[in-house]
Amino acid sequence: MKILPFYKKINIFTKASEEAREFSRRLKNWLNSYAIESEIFENLAELEHEENMKNSDLLIVVGGDGSLLIATRRVARYQLPVLGINLGRLGFLTEINADEAFEKLEDILSKPLCISRRMMLRASLIRDGKKILEADVLNDVVVNKAILARIVDVAVYQGNTYITTYNGDGIIIATPNGSTAYALSAGGPIVYPMMEIFLVVPICPHTLTDRPLILPPFEPITIELVAEEKDAWLTLDGQEGTQLKYGDKIVVKQSPHYAYLVRTPNKNYFDILREKLDWK
Ligand SMILES: NC(=O)c1ccc[n+]([C@@H]2O[C@H](COP(=O)([O-])OP(=O)(O)OC[C@H]3O[C@@H](n4cnc5c(N)ncnc54)[C@H](O)[C@@H]3O)[C@@H](O)[C@H]2O)c1
Ligand SMILES: Nc1ncnc2c1ncn2[C@@H]1O[C@H](COP(=O)(O)OP(=O)(O)OP(=O)(O)O)[C@@H](O)[C@H]1O
């Protein structure tokens with residue numbers, strides 16, 4: 001089978017493990033054998049550097065879902081298609097398994113790419129009226145309690161409109177892509193991943209009528225920490241954490257960037273749900 005000549009350069013992001021590095025070297029050699037240039041990145045600062053990404057046609061991530069999340073966030077502004085090869089555990093987002101990778105890659109790269117465009121969130125942390133952090137996420141923005149803290153009280157707004165105050169273990173604002181991650185464990189619905197909505201899921205709410213909400217992405221959601229003595233954290237895609245202070249506000253908007261995940265032709269979202277979530 002012949003790979004289409006429009007692939008000039010395909011970069012690789014590798015998980016920081018010996019197994020993933022070894023696989024990435026094999027992958028690079030395989031791409032070179034088709035006269036496709038390729039560079040392997042492990043360092044995140046290098047991965048997001050424009051010079052390194054601007055001529056790349058595709059980014060292949062060798063790792064698990066965590067590696068795919070971390071890499072996709074870093075390259076989202078380049079609108080680069082991202083394809084995951086699973087060397088992790090569940091591999092819900094990573095499209096192909098390592099043992100079938102070269103056969104599947106040949107198939108995927110010999111046809112026009114089948115891409116699933118996924119919305120992202122932009123979270124800003126406002127402290128004392130100043131924005132002290134801003135980041136894009138593909139799965140979720142989570143405010144929750146530290147291990148020994150008790151209940152977290154968070155007031156939630158849509159634009160300037162007050163929704164309610166949740167008392168419980170915390171709150172998750174998820175994308176449809178993230179609906180199958182933490183939000184699912186907290187009782188949220190599975191949302192078709194190409195939809196564009198905000199999913200608001202309280203974690204173990206003390207008020208039993210507090211149920212997950214699905215909101216339009218047109219107005220920001222603001223979460224305000226309204227109880228003084230509590231020890232709470234902001235977590236972005238489960239990977240970057242910041243301790244919060246009383247009065248902090250987290251504003252969540254739709255990011256102007258999208259993730260462009262490469263899918264296997266002939267495999268639909270329900271095939272993935274059946275395979276990964278053990279449905280019949
Ligand atoms: N109780 C929970 O379920 C819980 C707790 C903390 C974080 N998380 C999730 O973990 C995510 C970060 O993933 P990670 O791999 O870096 O952390 P991780 O290694 O701790 O794994 C979390 C698990 O979630 C899976 N996962 C990640 N994104 C997914 C998605 N969109 N759909 C289905 N499964 C998904 C991973 O494969 C892994 O099995 C966070 O965004 C958060 O949603 C879940
Ligand atoms: N090159 C890297 N640089 C920094 N951090 C990395 C790198 N590769 C992976 N990580 C981090 O290591 C963690 C583990 O990686 P990953 O999630 O891909 O593997 P896994 O946990 O085995 O897979 P899965 O998430 O599918 O269960 C991730 O949270 C990710 O943030």
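The values are calculated or read from the model by the stated rules, or taken from the named source; none is laboratory data. Remember, predicted model here, so these are calculated numbers, not experimental data. Glycine gets a Cβ as well: all are built from the backbone with ideal geometry, and neighbour counts include every protein chain shown. Side chains are part of the model used for accessible areas, which takes the heavy atoms of the whole protein and leaves out ligands, DNA and RNA. Shrake-Rupley method; radii C 1.70, N 1.55, O 1.52, S 1.80 Å.
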Accessible area expressed per residue, the stretch 10-112, with surrounding protein chains retained (probe 1.4 Å, Å²): 44 Å²
The stretch 36-75-the stretch 156-204 distance, computed between alpha-carbon centres (Å): 28 Å
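Quick one: dipole size for the chain, taken about the Cα centre, charges +1 on Lys/Arg Cβ and -1 on Asp/Glu Cβ, in debye to the nearest 20. Walk me through the numbers on the way to the answer.
On the way: 33 positive and 37 negative charges, 97 e Å.
The dipole magnitude comes to about 460 debye.
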Accessible area of the stretch 121-280 divided out per residue, in Å², using a probe of 1.4 angstrom: 48 Å²
Extension gain (nm, one decimal) between residue 6 and residue 50, 0.36 nm per residue minus Cα-Cα: 13.8 nm
Equivalent ellipsoid dimensions for the chain as semi-axes, Å, which come from the Cα gyration tensor, largest first: 37, 19, 16
GluC sites (Glu not before Pro) restricted to the stretch 215-258 and DSSP loop, no more than 12 other C-beta within 10 Å: 228, 229
Accessible area of the stretch 22-173 belonging to carbon and sulfur atoms, whole % at 1.4 Å probe: 45 percent
Environment charge at residue 236 (Cβ cut-off 12 Å; Lys +1, Arg +1, Asp -1, Glu -1): -3
